[in-house]
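The values are calculated or read from the model by the stated rules, or taken from the named source; none is laboratory data. For clarity, every value in this text was computed on a predicted model and none was experimentally measured. Quick reminder, even Gly has a Cβ in these numbers, built from the backbone with ideal geometry, and neighbours come from all protein chains shown.
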Amino acid sequence: MRLLVSVRGPVEARAAVAGGADVVDAKDPARGALGPVRLDRLAAIRRAVGAARPVSAALGDARDDASAEAAAATAAGLAFVKLGFGGITSEAQAQRLARAARRGAPAETALVLVAYADWRRVDSLTPARLVTVAAESGAAGLLLDTAWKDAPLFALESPDAVAAWVAAARAAGLFAALAGSLSGRDFATARALGAELVGVRGAACIGGRRGRVSRDRVAALRRLVRAAPALSVGALP
């Protein structure tokens, strides 16, 4: 299992790398769960990380084919991009949006679709239905996250339900990642359920998710990830 740390700029990116994050993720927490950073900020993050770690980026929630394709087109040099579906309840529409993002993204950049555990609050597809969308639209993986940050993932979904979702994703040939106000004590659960990646923001920050990423906090989280019981898992992009 690997550790992804979301950062909003190059200073935080350097702290994440120094702390041992496996993936550095560009995201603006002031713009929501999948808030994209400005293009100049994304470029600065990539320069700060260099070849030290894979870099990913949040694209926000898809709204129409053109915007999804255009957003993904900014992903040159990224390991993967994350696309959400807040406000989308049709599988057919979600597939169109996902395919548009796949068309826009460079060939070397994987597409990760984001399911929300609090899907009712954001009028989105259920996590189970998004597995089907991902499998049929050329996505490489799925992330189960929370759109609102007032309750952690495992307060919204039981471990058994998350395990079933992870198993369904992997059976469809997709990698499965978990996020959503996770803390270090959740890592052993995430790994035991088969997650290949855990994503954090608030747990890596001094002052909460809108604070600043701390190298020491990232290092502590990395140690917890490494201490979690091992499973045999597939490769991430």
Fill in the blank from the handout: Note on region 86-105: residues hydrophobic (A, V, I, L, M, F, W, C), more than 18 Å from the chain's Cα centre (by Cα) and assigned to a loop (DSSP other than H, G, I, E, B) are Ile88
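Scan region 106-120 and tell me whether some residue there is part of a helix (DSSP H, G or I), of a type in the set (Gly, Ala, Ser) and either out of contact with any strand residue (DSSP E or B) (no Cβ under 8 Å at 6 or more places or on another chain) or crowded, with 20+ Cβ neighbours inside 10 Å (or both). Break it down into steps so the answer makes sense when it comes.
Narrowing region 106-120 to residues part of a helix (DSSP H, G or I): none.
Within region 106-120 (the criterion being part of a helix (DSSP H, G or I), of a type in the set (Gly, Ala, Ser) and either out of contact with any strand residue (DSSP E or B) (no Cβ under 8 Å at 6 or more places or on another chain) or crowded, with 20+ Cβ neighbours inside 10 Å (or both)), the answer is no, since none of the residues qualifies.
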Completion exercise
Here the qualifying pairs (Cβ atoms under 6 Å; residues six or more apart or on different chains; first in region 208-228 and of a type in the set (Gly, Ala, Ser); second assigned to a strand (DSSP E or B)) come out as Gly211/Cys205; Ser214/Ile206
Practice task
Need at least 1 residues that are closer than 19 Å to Val133 by Cβ per element, so show me which helices (runs of 4 or more DSSP H) inside region 149-213 make the cut, counting only ones lying wholly within it.
Solution key: 159-171
Exercise for the section: Note down all Cβ pairs under 8 Å where the first residue falls in region 81-93 and is more than 18 Å from Leu178 (Cβ to Cβ) and among the small types (Gly, Ala, Ser), the second is in a loop (DSSP other than H, G, I, E, B) and modelled with pLDDT under 95, and they're at least six residues apart or on different chains. Expected result: Gly87/Arg63
Fill in the blank from the handout: Note on region 1-31: residues over 17 Å from Ala220 (Cβ atoms) and in contact with a Gly (Cβ under 7 Å, 6 or more places away or on another chain) are Asp25, Lys27, Asp28, Pro29
Problem - Thr146 vs. criteria hydroxyl-bearing (Ser, Thr, Tyr), closer than 22 Å to Gly35 by Cα and either touching a residue at least 60 places away in the same chain (Cβ under 8 Å) or surrounded by 24 or more Cβ atoms within 10 Å (Cβ to Cβ) (or both) - result: yes
